[in-house]
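See below for the structure under consideration.
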Amino acid sequence: MRILDCDYFVVGSGIAGLMSAIGLSRHGKVSIATKKECTDSNTNYAQGGIACVVRDDDSFADHIADTLDAGAGLCDESVVKAVVSGGPERIAELEQLGMEFAADKISNDGSYDLGKEGGHSHRRVFHAGDVTGAKLEAALLAQVAASPNITMCDHFMVVDLITTSWLGIDSDNRCVGAYVLDSRTNEMAVVRAPHVVLASGGGGKVYLYTSNPDIATGDGVAMAWRAGVPIANMEFIQFHPTCLHHPDAKSFLISEAVRGEGAVLVDAAGHPFMDKYDRRSSLAPRDIVARAIDNEMKERGDICMYLDARHKSESFLKERFSNIYDTCLGFGIDMANDLIPVVPAAHYFCGGIQAGIDGRTTLDGFYACGEVACTGLHGANRLASNSLLEALVCSHEMIKMIGTLPKAEAHKKVAIPDWEFGDAVRSDEKIVVEHNWSELRTCMWDYVGIVRTDKRLERAHRRISNLKQEIREYYLDYLVTPDMLELRNIAAVAELIVQSAMQRKESRGLHYTLDYPETLDKIEDTVIRRTMSFER
Ligand code: SIN
């Protein structure tokens, strides 16, 4: 079996992965694994931007207060302070790396055009129109391509982490690499490295409706869990309130920045309804807005609600939201003249692999950064546009920390066994994968969505356990394929979400249950630790 050695193995090619790789390449050889094309990441689809305080009428204290307020008591205040105050330097670094943020064309004095989003008390979102993520990816990928120390391995799907305890080596447990499937050739390989950074993003695909691209199957959380790393706060799934509702539109987001520019949520008759739910109306934090839309749809029996941006001129909308404007028009919706049909959809995991602000986890040599990590920044509900900021600050802290560690060579002597194919045969039952894939995602949408109950969670738990068992048998009996691996991962993540939701006997932030509508005084993270040994 092919063995690739490197100093740092980075999994994921979104902002967290690319920034980690760029920084670590100053210390040694980096390989990046990305499971499809390198532009296939959640970052690439980010429309909003990066929240960061620069204006004199804004302050770190206000951004910290907004983040804590959205997080519903569960944020780690020290992490919030460090991330918020680390923002300006990281924005400057991005600019040095070639990123251009939109300038304020009205004042024309060199200041930035800052956006506003739900839960923010000030305009503070750095953006590049509504294609911020795509521009960011392009700038960072150009840096990666120019670096002689970075190798980009596309179509490399990481199957599982390799730890010394799994290898039976009698020493303190640490991560020494990972098995990867080259999906172009369907061959297994090993990447051996003393430092493995998971920056593989979230897993919106666990739900039937999501704003996330197809690659978002929670692979990082699932493999960290299998390796015995604690997973925290998985019940807090953020549903974005406004995904475009159209039979042909898959996963298309109408950025919260549209509401930031004054667009209002209305019913089919054009009547605003958000004032009933929150004093901040259409710009309340996402958990409140998503729940309100869900409630209106259920009460009225409607299949969607609407966003009214008609107070803005066509020229403004075309300039500020060129991508959204053109996409809506492609579906026959002229946002300058028509209401935009919207529904909530799974958008962001606030929980994930329990990690420090510097990416450190309980497993030596293994770090988590970006959406895959749970650092304590988001608490029970992420404030809009805080995620790219978190990825920037945490990757920076991680690079600093890893740079202080002694250069490790010992991993190169670790003998890693070939992948065991056993009696596995080529699958002729693709239908099983497809069927289980849709059953699982539908079950999560129906029973573990925006509003939960004990009964729905128990029902989901039973079904997911059965599906997991069937998937495991299928995994052992047949040769692995990327689809099979993704199914195995979404099943593991679905189970973690349900288990976490069942443990939380209160409503807080994004976790809302009709059985326990109150928020308890006692504030606790939900942490799930694997008690069995490493599962393959
Ligand atoms: C949006 O543009 O509404 C999404 C931004 C985010 O999720 O932070």
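The values are calculated or read from the model by the stated rules, or taken from the named source; none is laboratory data. The structure presented is a predicted model; accordingly, all values stated were derived computationally and were not measured. Every residue, glycine as well, gets a Cβ built from its backbone with ideal geometry; the counts of neighbours run over all protein chains shown. Quick note on the areas: whole protein, heavy atoms, side chains included, nothing else; ligands and nucleic acids left out. Shrake-Rupley method; radii C 1.70, N 1.55, O 1.52, S 1.80 Å.
Amide H to amide H distances under 5 Å link CYS243 with ILE254, VAL343, ALA345, where only residues 5 or more positions off or on other chains count and H is placed in the peptide plane.
Both radii were evaluated on the Cα set of segment 407-458; the Rg over Rh quotient, with Rh as the Kirkwood radius, amounts to 1.32. At a probe radius of 1.4 angstrom, the accessible area of the chain per residue rounds to 39 square angstrom. Size descriptors for the chain: radius of gyration and Dmax over Cα atoms are 22.4, 69 Å.
Model label points for ARG462 and GLU314, set 7 angstrom from Cα along the Cα-to-Cβ axis, are 5.6 nm apart. Net length available on complete extension from ARG529 to GLU261 is 92.2 nm, with 0.36 nm assigned per residue and the Cα-Cα distance removed.
The accessible surface of segment 262-370, taken with every protein chain in place and a 1.4 Å probe, is 49 percent carbon and sulfur. Whole-Hz Karplus values for segment 503-514 come out as 6, 8, 9, 6, 10, 8, x, 7, 9, 10, 10, 5 Hz, taken residue by residue from phi with 6.51 cos²θ - 1.76 cosθ + 1.60 and θ = phi - 60°; glycine and proline positions read x. Give me the angle, in degrees from 0 to 90, between the Cα long axis of helix 286-300 and the longest principal axis of the Cα atoms of the chain, rounded to the nearest 10. Taking Cα atoms only, the helix is inclined about 70 degrees.
For segment 256-288, backbone nitrogen atoms closer than 16 Å to the point 7 Å from ASP338 Cα along Cα-to-C-beta are found at 268-270. Within the shell defined by Cβ-Cβ distances under 10 Å, the residues around GLU235 carry a net charge of +3, with Lys and Arg each +1 and Asp and Glu each -1.
Candidate cross-link partners of LYS35 among the aspartates and glutamates, defined by an alpha-carbon separation under 17 Å and a same-chain spacing of 8 or more, comprise GLU137, ASP154, ASP160, ASP182, GLU187, ASP214, ASP219, GLU371, ASP483, GLU486.
Taking θ as phi - 60° and the Karplus parameters 6.51, -1.76 and 1.60, the scalar couplings of segment 165-178 work out to 5, 5, 6, x, 7, 8, 7, 4, 5, 8, 8, 10, x, 7 Hz in sequence order, x denoting glycine and proline.
Here LYS312 is the anchor, and the lysines within straight C-alpha reach of less than 16 Å, apart from those fewer than 8 places off in the same chain, are LYS116. Evaluated with a Cβ-only charge set (Lys, Arg +1; Asp, Glu -1), the chain carries a dipole of roughly 660 debye about its Cα centre, given to the nearest 20. Principal-axis analysis of the Cα atoms of the chain puts helix 77-96 at an angle of about 90° to the longest axis.
First select every other residue whose beta carbon is under 11 angstrom from the beta carbon of LYS205; then total the charges, Lys and Arg +1, Asp and Glu -1. Combined, the nearby Lys, Arg, Asp and Glu give -2.
For the peptides 258-265, 73-80, 490-497, the ranking by mean Cβ contacts within 10 Å, running from highest to lowest, is 490-497, 258-265, 73-80.
Report the gain in length on full extension from ASP278 to THR519: 0.36 nm times residue separation, minus Cα-Cα distance, nm rounded to one decimal.
Here the answer is 85.0 nm.
Here LYS455 is the anchor, and the lysines within straight C-alpha reach of less than 22 Å, apart from those fewer than 8 places off in the same chain, are LYS298, LYS468, LYS505.
For segment 86-103 versus segment 211-277, the inter-centroid distance based on Cα atoms is 26 Å. Here the peptides 416-427, 270-281, 334-345, 296-307 are ranked by packing, the mean other Cβ count within 10 Å, and the order with the highest first is 334-345, 296-307, 270-281, 416-427. Less than 5 angstrom separates the built amide H of TYR112 from those of ASP104, all sequence-distant by 5 or more or on a different chain. Both radii were evaluated on the Cα set of segment 288-359; the Rg over Rh quotient, with Rh as the Kirkwood radius, amounts to 1.14. Amide hydrogen proximity for LEU4: with H placed 1.01 Å from N in the peptide plane, the residues at 5 or more positions away or on another chain lying under 5 Å are VAL190, VAL191, ARG192.
If you wrap the tightest convex hull around every Cα atom of segment 15-98 and split its volume per residue, you get 149 Å³. Extension gain, VAL451 to HIS435, is 3.2 nm, computed as 0.36 nm per intervening residue step minus the present C-alpha separation.
Working note: 222 nm ellipticity from helices only, DSSP H runs with n ≥ 4, each -39,500 (n - 2.57), summed and divided by the residues of the chain, gives -11000 deg cm²/dmol to the nearest 500.
Rounded to the nearest whole Hz, the Karplus-based 3J(HN,Hα) values (6.51 cos²θ - 1.76 cosθ + 1.60, θ = phi - 60°) of segment 37-50 follow the sequence 7, 5, 8, 7, 8, 4, 3, 4, 9, 5, 9, x, x, 10, with x at glycine and proline. Taken along the Cα-to-beta-carbon direction at a fixed 7 Å, the label points for SER107 and ASP428 span 6.9 nm.
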